[in-house]
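This report concerns only the one structure given below.
The values are calculated or read from the model by the stated rules, or taken from the named source; none is laboratory data. The structure displayed is predicted, hence computed values, not measured ones. As a convention, Cβ positions derive from the backbone with ideal geometry for all residues, glycine included, and neighbour counts pool all protein chains shown. Accessible surface is based on the protein model in full, side chains and every heavy atom, while ligands, DNA and RNA are left aside. Shrake-Rupley method; radii C 1.70, N 1.55, O 1.52, S 1.80 Å.
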Amino acid sequence: MGRLVGYARVSTEKQTLDQQLSVLKEAGCKEVFGEKVSSTVPDHKRHQLQAALAALKPGDTLVVSKLDRLGRTQAEVVARLAKLQAQELYVKTLDGLLDTASLGKLAPLVVGLLTGLAEVERNLVQERTKESVEHRRRTGGKLGGRPQLAEGRQELVRRLRSEGRSFREVANTCGVSLATAHRYGVASCTTTQVDSP
């Protein structure tokens, strides 16, 4: 029987690690790692998660309060489960959802099923995105990209540039970025006035 290694994570300052850490210790974890880090931070920047994973040896079990502690998305969590399974490591959640050690020979099947479901979900998302883009193309809808500056503000940028104001002054006056001031202000500089006969 391998060791139990615990990992806890909270994402906001208001949340406290203490409760998760004490529950993991009560569950029999001899080593416990915990960190306060946003769920948007990629795995390689979650130093305590990496330390917990490095502490595991074949036959050990990684214990977490919930599966979402293992990744930012369902696909990441499932990929992590598959990787741990391949390394002969187990995962147990304290909410009772998963315990790959108790699944025995069924563990690869369950992880494989979860992997398959995650793949189906990815394909569905890609399909929905493609259909949405095609629909917007057919109906003349917007396809993304930078939103247009309102016509009035475009005119103000052009007028200020034609008066000789710098791009920085124009950006500050109009409340736009320097790049936006440049994009809409360049035309006013390159356009030459032709006097009517």
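Values as computed for the structure displayed
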{"read-out": "Residues of region 46-82 satisfying the condition of being part of a helix (DSSP H, G or I), among the basic types (Lys, Arg) and within 19 Å of GLU26 (Cβ to Cβ)", "value": "ARG69"}
{"read-out": "Region 82-93, residues that are among the hydrophobic types (A, V, I, L, M, F, W, C) and out of contact with any Gly (no Cβ under 9 Å at 6 or more places or on another chain)", "value": "LEU84, ALA86, VAL91"}
{"read-out": "All positions within region 5-31 that are assigned to a strand (DSSP E or B) and open to solvent by 40 Å² or more (accessible area, probe 1.4 Å)", "value": "GLU31"}
{"read-out": "Any pair with Cβ under 7 angstrom, 6 or more apart, that starts in region 38-53 at a residue that is in contact (Cβ under 8 Å) with a residue 24 or more places away in the chain and within 13 Å of SER11 (Cβ to Cβ) and ends at one that is open to solvent by 50 Å² or more (accessible area, probe 1.4 Å) and not polar (S, T, N, Q)", "value": "SER39/ARG72; THR40/ARG72"}
{"read-out": "Where GLN85 falls short, out of the listed (1) surrounded by fewer than 18 Cβ atoms within 10 Å (Cβ to Cβ); (2) part of a helix (DSSP H, G or I); (3) in contact (Cβ under 8 Å) with a residue 12 or more places away in the chain", "value": "(1)"}
{"read-out": "Qualifying position, being under 30 Å from LEU81 (Cα atoms) and either open to solvent by 60 Å² or more (accessible area, probe 1.4 Å) or at pLDDT 85 or above (or both), among GLU131, GLU119, GLU151", "value": "GLU119"}
{"read-out": "Hey, LEU62 within 28 Å of LYS105 (Cβ to Cβ), open to solvent by 20 Å² or more (accessible area, probe 1.4 Å), in contact with a strand residue (DSSP E or B) (Cβ under 8 Å, 6 or more places away or on another chain) and of a type outside the set (Asp, Glu) or not", "value": "no"}
{"read-out": "Residue in region 38-51 that is closer than 25 Å to LYS105 by Cα and open to solvent by less than 80 Å² (accessible area, probe 1.4 Å) present", "value": "no"}
